[in-house]
1. Would you mind telling me which numbered condition in (1) in contact (Cβ under 8 Å) with a residue 12 or more places away in the chain; (2) more than 13 Å from the chain's Cα centre (by Cα); (3) outside any loop (DSSP other than H, G, I, E, B) residue 107 fails?
2. Name every residue in the stretch 1-20 that is farther than 13 Å from residue 72 by Cα and not in a loop (DSSP other than H, G, I, E, B), in order of residue number.
3. Quick one: residue 10 ticks every box in (1) under 18 Å from residue 58 (Cβ atoms); (2) open to solvent by 10 Å² or more (accessible area, probe 1.4 Å); (3) at pLDDT 95 or above; (4) of a type outside the set (Lys, Arg) bar one, so which box is it?
4. List pairs: first residue in the stretch 138-164 and within 14 Å of residue 227 (Cα to Cα), second residue open to solvent by 50 Å² or more (accessible area, probe 1.4 Å) anywhere in the structure, Cβ distance under 6 angstrom, at least six positions apart or on different chains.
5. Which is open to solvent by less than 20 Å² (accessible area, probe 1.4 Å), within 30 Å of residue 225 (Cα to Cα) and among the aromatic types (Phe, Trp, Tyr), of 30, 3, 87?
6. Of all residues in the stretch 154-174, which are open to solvent by less than 30 Å² (accessible area, probe 1.4 Å), over 27 Å from residue 95 (Cβ atoms) and among the polar types (S, T, N, Q)?
7. Out of all the residues in the stretch 71-84, which are open to solvent by less than 10 Å² (accessible area, probe 1.4 Å) and under 13 Å from the mean Cα position of the chain (by Cα)?
8. What do you reckon, is residue 68 closer than 22 Å to residue 81 by Cα, modelled with pLDDT of 95 or more and open to solvent by 40 Å² or more (accessible area, probe 1.4 Å)?
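The values are calculated or read from the model by the stated rules, or taken from the named source; none is laboratory data. Bear in mind that the values here come from a model prediction, so they are computed numbers and not experimental data. Note that we place each Cβ from the backbone using ideal geometry, even for glycine, and neighbour counts take in every protein chain shown. We work out accessible area using only protein heavy atoms, side chains counted, and drop any ligands, DNA or RNA first. Shrake-Rupley method; radii C 1.70, N 1.55, O 1.52, S 1.80 Å.
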Amino acid sequence: MDYRNLTVILPTLNEKETIGKLIKLLSNAYSGIKIIVVDDNSTDGTIEIVKSLASSMGNVRLIERSGKEKGLTGSIIDGIMASKTKYVVVMDADMQHPFEIIKEIRKKLYSGNNLVVAVRSKVPHWSLYRKLISKMFMYFGYIVLFLSRKPICSDIMSGYFGIERQLFVDTYKANEKRFVKTGYKVLFDLLKCMDKKSVKIAEVPYVFHIREYGSSKAGVKQGLALLKSFFS
């Protein structure tokens, strides 16, 4: 199967333990796939690892966001705008998103869907507190999308999805101020700006992996950014 028409966007912030491994796994598993790493000013050696791989692998590119305000959404936007392929897949670089389901995402994109969301069917390692907070934000987000008659999927807060690049670009350019670049839920920002008629959504279930290295970047600042997304 050929993946030359697909770019994986990997936003990074101090992911030295996983980024090299993930890039090699993606490159070995998917022939012709392109990879854009968008780094948000890492200080742990992530940048040096990616630079080394980019110099020896023709499918890897690094974008450094030095001088820009930090934010996962901003990193993803920069990566997608810099890509050239028809399709892009957005995923985390910490190995919590299983790279193996990219083949299923690609299959559904090539079957006529222009947005394919990887849906967390199980999150076995989260604490009860984190599950409750996540559910609260999820339900509030559903209400926002429902009342504004926007497209909805089973996991509107997923950080793992594939999309037709031009659909993302057109939606972003028409609604740039509504995307909260310091936030971390770009899929929700995308859905709230879309017309139901312009998008055909498919889903791929997966089990959210346990983080082996580093720590979650989610915190109070990201929670406030999500609240801002609800009302922008």
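1. It fails just one condition, (1).
2. 6, 7, 8, 19, 20
3. Residue 10 satisfies all of (1) under 18 Å from residue 58 (Cβ atoms); (2) open to solvent by 10 Å² or more (accessible area, probe 1.4 Å); (3) at pLDDT 95 or above; (4) of a type outside the set (Lys, Arg) except (2).
4. Short answer, once both residue conditions are applied: 145/152.
5. On the way: 30 fails: within 30 Å of residue 225 (Cα to Cα); 3 fails: within 30 Å of residue 225 (Cα to Cα).
Only one candidate qualifies: 87.
6. Answer for the stretch 154-174, where residues must be open to solvent by less than 30 Å² (accessible area, probe 1.4 Å), over 27 Å from residue 95 (Cβ atoms) and among the polar types (S, T, N, Q): just 171.
7. Within the stretch 71-84, 71, 73, 74, 75, 76, 77, 79, 80 qualify.
8. On the way: closer than 22 Å to residue 81 by Cα: yes; modelled with pLDDT of 95 or more: no; open to solvent by 40 Å² or more (accessible area, probe 1.4 Å): yes.
Taking the combined requirement at face value, the residue does not satisfy it.
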